[in-house]
Every structure is written in C-alpha cells, then in structure tokens.
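Take a look at the structure below.
The values are calculated or read from the model by the stated rules, or taken from the named source; none is laboratory data. As the structure is a computational prediction, the values presented were derived from the model and not from experiment. Virtual Cβ from ideal backbone geometry, glycine too; neighbours counted across all protein chains shown.
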Amino acid sequence: MRFRQIEVFHAVYTTGSISAAARALHVSQPSVSKVLHHTQQQLNLELFRLVRGRLVATDEAHALFVEVAEVFKRLTSLQKTVGNLRNLSASHIRLAVVPSLGLQAAPLAIARFRKRYPDATFEVQTLHHDELFESLYERTADIAIAYDPPSHPRLRRRDLDVAELTLLYRKDSMPGAAERIALRQLDGQDMVGLTAGGPVGELFNREIQRQGISVREVVSNQTFYVAAALTRCGAGMAVVDEFTARASIDASTDFRPFAPALRFQVQCVHLEDRPPSKAALQFIATFAKVLAEIRGGGAA
C-alpha cells in the first residue's frame, strides 16, 4: 500500500464514511472512492460493505487497521519531523518538561531568561515521561527536562539538580509532624495514587514494597499536580516530587520529605546529533539556578 492508500483507508475507517473522510483529507468524495476502490482491487480484499446506507468495516479491515494505524503514526511523525527541521532558530527554544516542573520552575526560568534576553522566544510542552523523549525524536522539542531519564544511545543527559520525594498532607491530618517523615508512617493510610508516575513513582513503589508497607489507594490519577489538588481538597495524602509540593502548599496544606530521603536526579536531555544551541545552553543554566533556589526556598 502506498501512503495515499494508507491515508485514505485510515480516514474512511476512523470517520466511518466516504464524505467524512473526504472532508478530513480536504479532497473530493470521488477521489476518496477511487483510491479506496483501487486499494481493495489491489489487495483483493473487501474492506467495507454498505449496510442499510452505512459503510461498515469488514473483519479484514479491522485486522488491517491494527497495522495501518502504526504505519500511519510513524509516517505522520516523519512528516512532522521534516516540518520541524525547516523551522529551527537559535534564539527560539522548544522546551518539553514533566508537568510538575511546569507548575513553577519552568515559568520562573522562562520569565527570568526573557528578562535578560528579551528577543528569545519559547514553545513549551508539558508531557508525561515517555512522551518527552518522543518529542525529541520527532524534533518538536530541542531539550527535555525530566526526572531520572533512561539511558539511550541517541540521548545525552546533563545533571541540573537532585531532588526528593515528599509527603503532601493537610495539616489537620498530621498535627505536629516532624521535619522528616518515616515511610512506615504511611502504612494503612488513605493515599492518592499515581497510575503513571514514571521513574519517580517507581522509586516510591519499590521502597514501600521493600519495606512491606501497605497503603490504601483511595483515588488514582496520572499527574503529581492533580494528586496535589486532591490532597488540598481532603481526598487523602499524596507522595509527590518536592517541586509540586512547594508549588501546592497553602494555609491548610504542608509537606515533609522522608527519612531516609528518597532522592532522584533532575536532568536535561537532548539528541546526541543535535546539541543545544548557545541560547538553549544559557537557558539550561538558568533553569538549574531556579531549581536550586526553589529547593532552598528562595525563588519567587
């Protein structure tokens, strides 16, 4: 199948009609019908049937779509990469960060950098851990900042800071809390959990399993900042990174690190064959300073 055939089949399958596929592809209905008819003849397969005036995918179409969807995704990614390669600028920084760093650290770093370099422009994406590296491969981001990113031959890492996991809680649930909390104090507690915590979530899960600690997960979600919001509203305590915790405390909510500390690296990642521009390197240094100030309680 040629790309045009894949594109048409994908559009017809996902939209459910020739007319909707034509609108999605910005072409005429006869053009879509012609390509689809030729594809079915070439493959010697019936992919769609007209049932009571509606186009219905056959079992063969369902099986084919599983493969076509993956190919379509990669071809779309390739097109996106080519388009992004045409729009590179040394003074334009495309940044991808984990959502918790988008709460405070990234905005502070960008604002500080633009105050010093007012001509600099940014594109910012907040992405989950696995999506960060896809943004580098597809060149929708120049640099990505993440927690304990994995080693990969195509990626180069730069250490920015070391941070800790913390317990975020409502003050009335833990009056007189010590400066550091023993992990065992969570045994049997109602907790807000994460279904996609990345390496940092895995760090916490490994430690409670090692110590034989059992928590009652009353709510699950996919991001630290949603977990923090749930805690503020009284849904339960949450284990979050310290940047989320520091950005989330208020008159009724506080946080404590653990004893012993559960630490992780904050690192900047870029493609080996595409090192950061001079502007990006300066921004990385600014970001590292902001992280240090937040951890020291001095950033505002």
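Rundown of residues vs (1) touching a strand residue (DSSP E or B) at 6+ places or on another chain (Cβ under 6 Å); (2) free of Cβ contacts under 8 Å to residues at least 40 places away in the same chain; (3) surrounded by 20 or more Cβ atoms within 10 Å (Cβ to Cβ), yes/no style:
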| site | (1), (2), (3) |
| --- | --- |
| 219 | yes, yes, no |
| 226 | no, yes, no |
| 231 | yes, no, yes |
| 235 | yes, no, no |
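From the set of residues in region 250-272 that are of a type outside the set (Gly, Ala, Ser) and free of Cβ contacts under 8 Å to residues at least 60 places away in the same chain, which is farthest from residue 93 (Cα to Cα)?
Of the residues in region 250-272, the ones of a type outside the set (Gly, Ala, Ser) are 250, 253-258, 260, 262-272.
From what is left, the residues that are free of Cβ contacts under 8 Å to residues at least 60 places away in the same chain are 250, 260.
On the way: 250: 33, 260: 38 Å.
Result: 260.
Here residue 157 fits the description: in the same structural domain as residue 106 (by TED's automatic domain parsing) and in contact (Cβ under 8 Å) with a residue 12 or more places away in the chain. When restricted to residues that are surrounded by 15 or more Cβ atoms within 10 Å (Cβ to Cβ), assigned to a helix (DSSP H, G or I) and in contact (Cβ under 8 Å) with a residue 12 or more places away in the chain, region 1-30 contains 13. When 286, 231, 244 are screened for being in a helix (DSSP H, G or I) and not assigned by TED's automatic domain parsing to the domain that holds residue 194, only 286 passes.
Rundown of residues vs (1) surrounded by fewer than 14 Cβ atoms within 10 Å (Cβ to Cβ); (2) in contact with a helix residue (DSSP H, G or I) (Cβ under 8 Å, 6 or more places away or on another chain); (3) in a loop (DSSP other than H, G, I, E, B), yes/no style:
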position: 153; (1), (2), (3): yes, no, yes
position: 159; (1), (2), (3): yes, no, no
position: 175; (1), (2), (3): yes, no, yes
position: 192; (1), (2), (3): no, yes, no
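Sort out for me the strands (runs of 3 or more DSSP E) sitting completely within region 31-142 that have 3 or more residues that are farther than 18 Å from residue 269 by Cβ and more than 24 Å from the chain's Cα centre (by Cα). Even if it seems obvious, please write down each step before you answer.
Working: elements: 48-51, 54-57, 92-97, 121-126.
In region 31-142, 48-51, 54-57 are the strands (runs of 3 or more DSSP E) which contain 3 or more residues that are farther than 18 Å from residue 269 by Cβ and more than 24 Å from the chain's Cα centre (by Cα).
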